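What follows is calculated from the coordinates using simple rules that are stated; it is not laboratory data. What you are looking at is a predicted structure, and each value in this text was computed from that prediction instead of being measured. Every residue, glycine among them, receives a Cβ derived from its backbone with ideal geometry; neighbour counts consider all protein chains shown.
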Amino acid sequence: MKPRFRITMVLIFALTLLTSLAVRAQGPTGQTGSSSAIALRAAGRGNPWINLHDGHDLAVVYVGPKAQAAALTAQRARPLSLTTAGFDEDGVPDLVSGYDGPGGGILSWQRGNVDVLWPNSPAAQKRRAEGTFTDAAFLSSARLYALPVAPNFLGAGDFDADGHWDVVAAGASGDGGGIYASTCDLTLGNNTVQGNRGGAIGSGGGIYFYDVMATLTGNQVVGNRAGDGKSSNGGGLYATSDLYTRVAELILQGNTFRDNVSCRNDGPATAICRGGGLRLGRLKLALTDNTIQDNTALVGALINDNGWGGGVFLYEPFDTTLSGNTVQGNVACNGGFGFGGGIVLTADLSRSAAIALTANTVQSNTASLAHTGNGDGAYASNISGTLSSNVIAGNTGSKGREGYGGGVYAEGGN
């Protein structure tokens, strides 16, 4: 009977903590890549109740789409999920692994090895004679499938009642690649949140807060990315609150937000992304002595892409103060339209928000590298506020075409 392997994608909004086993990877040519695999030493350590054999590395040769095989071989794909079932119906469980790769998800199907269960069978003895016998739990060939979103969750079962195993892959919302917190009080001090990534359409590549009373002091939030979708926000930090229950408060003091990206868009649809470093909205805010540097709201090549707030995007803030911060070298958009290379301050037309900026340094930021840019240093819309003792210097509205407000661009408000 010809085995069937069916994949179903489901978008769910959830949070999970997952651990995955790293394996030694081989590319399509069979070349072994570098590995961070750990062979677990287990034999004789569980007596008298549990006794296991020692673990060992698994060699893998990837078969399938070249881009996905290259990403796995070069360790540019992040392991997310595992499931197992007898998909090929040979009596031995197979392994299905899910990865977050460049441009989407990757599914890997690795068949179980029948020789492990029946090492003395005629077929196994023949392979011994040929020198192809292995006692590894899974065969080295791994079949790859490209998925539109990262498979945060995998499940196996006969979902359509046809007598064959199926696998279901579910993508999470992609919020909070490093830390996710909701409806709680939280203090974070002297942590490093680095190299994390949200989902295809995610918010908060490093940190995601919803309705959280939080104080962050002395943290390094570096090299995170919120997503690859048409609307991703907050490469380093995304925070907002539910105004119907309470207005959350966020205190940021002495933190560094550097080299974060809200989203990368390779088309074909245009994207609107906000807050390369931070996207903060509907909160009481106090930002003091933070460094917000070299962040990008939108990395995209399409002319109609929109990037807002390369460093900081503030939406409908309450009782907000920014003092002693350095906002430097940020870019709102490198391909399309850019607004507020350093800072965007905006509120809904129905009301104006009050904000105070004191003794901040906003310099060398760019609204757009290739197209029209407004407010290279800061862009303000429907905001009532005060600026005192700030240094706003060396900012450029656009390096490609026309630019407006190289230092500050303001409209509406008072």
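Over the stretch 86-137, the hull volume per residue, using the convex hull of the C-alpha atoms, is 92 Å³. Peptides 324-333, 93-102 ranked from most to least packed give 324-333, 93-102, packing being the mean of other C-beta atoms within 10 angstrom over each peptide's residues.
Show the residues, 5+ positions off or on another chain, whose built amide H is closer than 5 Å to the amide H of Gln75. Sorted by chain and number, the residues that satisfy this come to none at all. Net charge of the neighbourhood of Gly277, taken over other residues with C-beta under 13 Å away and scored Lys/Arg +1, Asp/Glu -1, is +2.
Put a dot 7 Å past the Cα of Thr187, heading toward its Cβ, do the same for Asp319, and the two dots end up 1.9 nm apart. By the beta-carbon count within 10 Å of each Cβ, the least crowded to most crowded order of Phe133, Phe313, fewest first, is Phe133, Phe313. Full extension of the chain segment joining Leu52 with Ala146 gains 30.3 nm, where the gain is 0.36 nm per residue of separation less the Cα-Cα distance. Given the stretch 157-290, report the % of alpha carbon pairs whose separation exceeds 18 Å. The share of Cα pairs beyond 18 Å in the stretch 157-290 comes to 55 percent.
Annotation for Ala129 and Arg76: the two label points, set 7 Å from Cα along the Cα-Cβ direction, are 4.6 nm apart.
Summarising the label geometry, the points placed 7 Å from Cα in the beta-carbon direction at Ala136 and Val63 lie 1.3 nm from one another.
Between Trp118 and Ala393, the contour length at 0.36 nm per residue exceeds the alpha carbon distance by 91.6 nm.
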